[in-house]
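K.L.:
Here it is, the structure, as structure tokens.
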Amino acid sequence: MSIRERLSGNEAAAIAMKQINPDVVAAFPITPSTEIPQYFSTFVNNGAVDTEFVAVESEHSAMSACVGAQAAGGRAMTATSANGLSYMWEMIYIASSMRLPIVMSLVNRAVSGPLNIHNDHSDAMGVRDAGWIMLFSENNQEAYDNLVMAHRIAEHKDVLLPLMVCQDGFITSHSIENIELIEDDKVKEFVGTYKPEHYLLNQKEPIAMGPLDLQSYLFEHKKQQADAMCKAKQVILEVASDFEKMTGRKYSFFEEYKLDDAEIAVVCMNSTAGTTKFVVDELRAKGIKAGLLKLRVFRPFPAEEIAKALSHVKAVAVFDKADSLNAAGGALYTDVTSAMYVNSTKVPCVNYIYGIGGRDTKANDIEAVFNDLQEIVKTGDIQNPYRYMGLRG
């Protein structure tokens, strides 16, 4: 029987970590993720977990400690945001290249500069090609559920890649919502015991990890990482299926909200999906066939599945909460349009950069986008596909 609670997203993440009871947690505080290691440290202090908590001097050191712990044969976790993730950047790549299934809670925040502590997705987008599995969370419940599933995915023998669970800073991290927790014993059984095949402290198999890797082998090793990311797709579905059997909560690569008969649709990630669902309901009440594709799994990118899900609509808007500054649209937009092109899906598609630095995104802003899509369907004219939502002036 599930446990009903009222928790912030950060509290939910910390409780998931407590139930997982990792061997090592290394962290350095940074807004708005600070509460996660702060809450977790109380569990260490009161004996609720037997985790080794390492309070380091920087985020670079936090990921370095996780790399060392995981390489030694332990299960390691951490949490960070924005500039903290940027400071980890070198070790983020090393973690994935060494095939270490570290799990990180990333509370999304704008990366400086100028300095801003509020939510957008520039931190996550900055490491989107670093070889980490990336799960996004609409609300506190999903952030908790994603963390419970994370180790099963990352540690699978066909995957062995690090994984980050993203949620929106302050919007979900500090907002309190009703949530259903899973009993501790069920989480422990579901996650299982970490049993690495190769690790530094195995006396029976002396090995080196992270050596110099020159022309003779690096190319092949990178291909192995790419293959593991492809295999992660099936593992994600298998773990989600087992999770549904335990909780009744169903997850996949994305959620299709009233998309089956939609003529116009929005694609977005994280908390914006909740507001978009409200707008979709309002438009449906007026007879407008609007829909939503809420992406949960950003890496590996489910290109073929997204193209199929959007193949029947007449116009699509993709929301990016970070600007790639490339004169060709945001990261999610370029991935979605590439997926549609490769899979021979020809649907008019426009991009909206929005919410930068925590700018409010309101229901009437999203409704205006759906109005734009209706006009595109009516006229067949996209004009400028690179647009901004909620930008003054």
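K.L.:
Looking only at segment 356-386, which residues are within 22 Å of GLN167 (Cα to Cα) and touching a strand residue (DSSP E or B) at 6+ places or on another chain (Cβ under 8 Å)?
P.N.:
Applying the first criterion (within 22 Å of GLN167 (Cα to Cα)) to segment 356-386 yields 356-363, 365-366.
Matches in segment 356-386: THR361, ASP365, ILE366.
K.L.:
Is there a residue in segment 178-198 that is touching a strand residue (DSSP E or B) at 6+ places or on another chain (Cβ under 8 Å), at pLDDT 95 or above and part of a loop (DSSP other than H, G, I, E, B)?
P.N.:
yes
K.L.:
Working carefully through the options THR361, THR345, find the one that is closer than 13 Å to LYS321 by Cβ and modelled with pLDDT of 95 or more. Spell out the reasoning first.
P.N.:
Numbers: THR345 fails: closer than 13 Å to LYS321 by Cβ.
Residue meeting the stated conditions: THR361.
K.L.:
Would a scan of segment 244-265 turn up a residue that is out of contact with any Leu (no Cβ under 9 Å at 6 or more places or on another chain), outside any loop (DSSP other than H, G, I, E, B) and free of Cβ contacts under 8 Å to residues at least 12 places away in the same chain?
P.N.:
Yes, some residue in segment 244-265 is out of contact with any Leu (no Cβ under 9 Å at 6 or more places or on another chain), outside any loop (DSSP other than H, G, I, E, B) and free of Cβ contacts under 8 Å to residues at least 12 places away in the same chain.
K.L.:
If you don't mind, another one. I'm checking my understanding of the structure. Among residues of segment 102-144 that are closer than 21 Å to GLY390 by Cβ and in a strand (DSSP E or B), which one is nearest to the chain's Cα centre (by Cα)?
P.N.:
Top of the filtered list is PHE136.
K.L.:
Quick check on PHE28: is it under 23 Å from the mean Cα position of the chain (by Cα), more than 18 Å from GLY131 (Cβ to Cβ), among the hydrophobic types (A, V, I, L, M, F, W, C) and assigned by TED's automatic domain parsing to the domain that holds GLU177? Outline the logic, then answer.
P.N.:
Details: under 23 Å from the mean Cα position of the chain (by Cα): yes; more than 18 Å from GLY131 (Cβ to Cβ): yes; among the hydrophobic types (A, V, I, L, M, F, W, C): yes; assigned by TED's automatic domain parsing to the domain that holds GLU177: yes.
The answer is yes for PHE28.
K.L.:
Identify, from the list ALA240, ALA232, the residue that is surrounded by 13 or more Cβ atoms within 10 Å (Cβ to Cβ), touching a Pro at 6+ places or on another chain (Cβ under 6 Å) and part of a helix (DSSP H, G or I).
P.N.:
Working: ALA240 fails: touching a Pro at 6+ places or on another chain (Cβ under 6 Å).
Going through ALA240, ALA232 in turn, the sole match is ALA232.
K.L.:
For the list (1) farther than 16 Å from VAL267 by Cα; (2) touching a residue at least 40 places away in the same chain (Cβ under 8 Å), I need the number of the one condition that VAL336 fails.
P.N.:
With (1) farther than 16 Å from VAL267 by Cα; (2) touching a residue at least 40 places away in the same chain (Cβ under 8 Å) applied to VAL336, the lone miss is (1).
K.L.:
Can you confirm whether segment 80-92 contains a residue that is out of contact with any helix residue (DSSP H, G or I) (no Cβ under 7 Å at 6 or more places or on another chain), within 28 Å of GLN203 (Cβ to Cβ) and touching a residue at least 12 places away in the same chain (Cβ under 8 Å)?
P.N.:
Among the residues of segment 80-92, not one is out of contact with any helix residue (DSSP H, G or I) (no Cβ under 7 Å at 6 or more places or on another chain), within 28 Å of GLN203 (Cβ to Cβ) and touching a residue at least 12 places away in the same chain (Cβ under 8 Å), which makes the answer no.
K.L.:
List every residue pair whose Cβ atoms sit under 7 Å apart, with the two residues 6 or more apart in sequence or on different chains, where the first one lies in segment 41-56 and is at negative phi and the second, anywhere, is of a type in the set (D, E, K, R).
P.N.:
Correct list of pairs: PHE43/LYS18; ALA48/LYS18; VAL49/LYS18; THR51/ASP23; GLU52/ASP23.
K.L.:
Of the numbered conditions (1) in the same structural domain as PHE370 (by TED's automatic domain parsing); (2) more than 19 Å from GLU138 (Cβ to Cβ), PHE298 fails exactly one; give the number of that condition.
P.N.:
The number of the failed condition is (2).
K.L.:
Cβ-Cβ distance below 7 Å, separation of 6 or more or different chains: which pairs start in segment 215-242 with a residue that is without any contact (Cβ under 8 Å) to a residue 40 or more places away in the chain and end on one that is of a type in the set (Gly, Ala, Ser)?
P.N.:
LEU237/SER252
K.L.:
Related question: I'm checking my understanding of the structure. Among residues of segment 354-393 that are closer than 18 Å to VAL279 by Cα and in contact with a Gly (Cβ under 6 Å, 6 or more places away or on another chain), which one is surrounded by the fewest Cβ atoms within 10 Å (Cβ to Cβ)? Write out each step before concluding.
P.N.:
Going residue by residue through segment 354-393, those that are closer than 18 Å to VAL279 by Cα are 354-355, 360-375, 389-390.
After this cut, where a residue has to be in contact with a Gly (Cβ under 6 Å, 6 or more places away or on another chain) as well, the list is 354, 361, 365.
Details: TYR354: 25, THR361: 21, ASP365: 17.
Among residues in segment 354-393 that are closer than 18 Å to VAL279 by Cα and in contact with a Gly (Cβ under 6 Å, 6 or more places away or on another chain), the one surrounded by the fewest Cβ atoms within 10 Å (Cβ to Cβ) is ASP365.
K.L.:
Pick from VAL159, VAL165: which is part of a loop (DSSP other than H, G, I, E, B) and either hydrophobic (A, V, I, L, M, F, W, C) or outside the structural domain of GLU197 (by TED's automatic domain parsing) (or both)? Steps first, please.
P.N.:
Numbers: VAL165 fails: part of a loop (DSSP other than H, G, I, E, B).
Matching residue, one of VAL159, VAL165: VAL159.
The values are calculated or read from the model by the stated rules, or taken from the named source; none is laboratory data. Just so you know, these numbers come straight off a predicted model, no measurement behind them. Every residue, glycine as well, gets a Cβ built from its backbone with ideal geometry; the counts of neighbours run over all protein chains shown.
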